[in-house]
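Since every read-out is calculated from the coordinates, none of them should be taken as a lab result. Computed from a prediction, not measured in an experiment: that's the story for all the values here. Here the Cβ positions follow ideal geometry from the backbone for every residue, glycine too, while neighbour counts run over all protein chains shown.
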Amino acid sequence: MELFKLIFIEPFEVMAALPDLLLQTLWEGFVSGILYSLIALGFVLIFKASGVFNFAQGIMVVFAALTLVGIHAMGVPPFLALILTLGVMALLALTVVKLVMKPLVNQPDIILFMSTIGITFILIAGGQLIFGGEPKAMITTELGLPTGSSDWEVGGGIVIFQHIDIAAAVIAALLIAGLALFFNKTKTGRALRAVADDHQAALSVGISLEYIWVVVWFAAGVVALTAGILWAAKSDVSFALQVVALKALPVLVLGGFTSIPGAIVGGLIIGIGEKLFDLYWGVPILGGSTESWFAFIIALLFLLYRPEGLFGEKHIERI
Amino acid sequence: MSVAEKLKPETAETILSVNNIEVIYNHVILVLKGVSLTVPKGGIVALLGANGAGKTTTLRAVSNLLRGERGEVTKGDIIFNGEEIQDLTPNELVQRGCIQVMEGRHCFGHLSIEDNLMTGAYTRKDGAAAIKDHLDLVYQYFPRLKERRKSQAGYTSGGEQQMCAIGRALMSKPSMILLDEPSMGLAPQLVEEIFEIVRDLNQKENVSFLLAEQNTNIALKYATYGYILESGRVVMDGDAKELRENEDVKEFYLGTGGDGRKSFKDVKHYRRRKRWLA
């Protein structure tokens, strides 16, 4: 009975009593959810176009942020550094496709997956070798990202909105809108969707798979860079960030590996869900720190009962 | 000059010639054992044979889609419009005007019909206006596609998907289409409709066709010349009309032996074994 009250009654009483706390938690969950979404989006892009589960996506986030900070530290102005970092990501995409994807095409999936683990280690070692392994501060103000916060009075309390969080939400939304436009309105975008559907048929109409792969790896790199900047702006640029990237896995299970809207909604659900659960159920019942595993439990439940995820692409099959 | 003579590969201008090619899958499985054939400019050539005879492999060898299936051409050469093409990528080949419509349609299921057609124009560099005009032309040949242009291709009927696949290939402005098993899984009436369109395209748009078909009857009705493949070799070739009247072809592929239609099980055992290879 005691437990029943703890699970089903008290959390909602607290929510009703302190609406500002609820809103604050929702907002924070939303912001971290956006970042999960961005990381998951990188996975989905590559998975859709090449069927490769890119284990290196997490480290690409760190590598991109590290490159940006590292180039800036060499005395390059911030926006030039940003452009150079994009160049590095394009180069990375080209190298991965030429050296890994192309020689291994038509090999079993597991071999391509293993090769992305290899890429992970190369990026970790390479990043440390070139830029050093110690945590660095993101060049937030230099890039013109806002700092400070605004308060909003609600029901006797206040909700604090960090400006960087608002900026993160806006930038992520712009990036996603940009990608959606690119996919639906451009010739290359249409070719990308074609490759995702049937790469044999795409080859037969003269679409170059190699070119498409470079495009998606670069797009995943841009998404990784964005996620890296926004995430590191709240903490630091360090290799510990890649652990956060592992949270993208439950997001993918939830949203479906092939669905871009799924990655976004999945990220938000996980982000908001883990913050709410931790505050209202985790702390009173389990003594807190549920955030690190909550997402994985959700993923497990999904794997058991709905393995294609919320938005996983339905197989269209004619009988 | 009679029609048959005019269409003889040696006399007419050729667009495609395949010379004695050998294809090996996975480095060990020899599938084509020296296949040669020619397609005259503006012709419809049928490639006939049973399952596993090597029809699809021949088409894939030409369109360079073998690599994706771990196959390779190990001997012989393939010449399209006077140029050796074995080492080109499918992309380069489509740009030169030779495109394959794969067996089983292979439409992009999640793309709309119109988007499917537009992917066919991927390699074109002659501008959006020309592509738009060409799209209208494709819709003229396939009015049904126009009606369904906004539908996801995966949810359209088999016939519509076949039309979509052919229309998509047309969008690349090809001079030659390699058509693999267009009749597969379609109602006889639809098969007829598709072949009528193929003939139309051949005559009005001057597209040459090399088509692989199991439906020997209809293929020989529309083709000008035919090759019969068996176990990776060409065992017979000739004018479509000649082939239609050949006793062996009648017996083995058309099911209408000397004394009218009969079941394959009534064919004398030694004849069945013999085929043309024994």
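Here chain B is treated with +1 on each Lys and Arg Cβ and -1 on each Asp and Glu Cβ, and its dipole about the Cα centre works out to around 640 debye. Note on region B:109-173: Rg/Rh from Cα positions, Kirkwood definition for Rh, rounded to two decimals, is 0.95. Loop-located trypsin sites (Lys or Arg not before Pro) across region B:25-74 with a Cβ neighbour count of 16 or fewer within 10 Å are B:Lys41, B:Arg70, with loop assigned by DSSP.
Using bins of 20 Å that start at zero, the share of Cα-Cα pairs per bin across the protein assembly as shown amounts to 18, 41, 27, 12, 2, 0, in whole %. In chain B, once you exclude exposed GluC sites (Glu not before Pro) (DSSP loop, at most 10 other Cβ within 10 angstrom), what's the longest stretch remaining? In chain B, the maximal stretch lacking such sites is B:14-278. Rounded, prolate or oblate: which fits region A:1-150 when a ≥ b ≥ c are the square roots of the eigenvalues of the alpha-carbon gyration tensor, with rounded for a/c under 1.5 and prolate only if a/b beats b/c? Here region A:1-150 falls in the oblate category. With 22 Å as the limit on Cα-Cα distance, the pairs of A:Lys48/A:Lys98; A:Lys187/B:Lys146; A:Lys234/A:Lys275; A:Lys185/B:Lys204 that go past it are A:Lys185/B:Lys204.
What you get for the protein assembly as shown, charging only the Cβ of Lys and Arg (+1) and of Asp and Glu (-1), is a dipole of about 1680 debye around the Cα centre.
Which shape class applies to chain B: rounded if a/c is under 1.5, otherwise prolate when a/b exceeds b/c and oblate if not, where a ≥ b ≥ c are the square roots of the Cα gyration tensor eigenvalues? Prolate shape, in that a/c is at least 1.5 and a/b is the bigger ratio. Rounded to the nearest 20 debye, the dipole size of chain A about its Cα centre is 1180 debye, using +1 on the Cβ of Lys and Arg and -1 on the Cβ of Asp and Glu. A Förster radius of 56 Å combined with the Cβ-Cβ distance from A:Asp151 to B:His27 puts the calculated FRET efficiency at roughly 0.20. Computed as a quarter of the hull surface, the mean projected area of the alpha carbon convex hull for region A:32-247 stands at 13.3 nm².
Determine the shape class of region A:31-71: with a ≥ b ≥ c the square roots of the Cα gyration tensor eigenvalues, call it rounded for a/c under 1.5, and otherwise prolate if a/b is greater than b/c, oblate otherwise. Note, shape of region A:31-71 comes out oblate.
Restricting region A:221-319 to trypsin sites (Lys or Arg not before Pro) that sit in a DSSP loop and have at most 13 other Cβ atoms within 10 Å of their own Cβ leaves A:Lys314, A:Arg318. Between A:Arg306 and B:Arg199, the C-beta separation translates, for a Förster distance of 51 Å, into a calculated FRET efficiency of about 0.55. Computed over the Cα atoms of region A:260-299, pair by distinct pair, the Kirkwood hydrodynamic radius stands at 10.3 angstrom. Among the trypsin sites (Lys or Arg not before Pro) found in region B:107-157, those both in a DSSP coil and sparsely packed, with 13 or fewer other Cβ atoms within 10 Å of their Cβ, are B:Lys125, B:Lys150.
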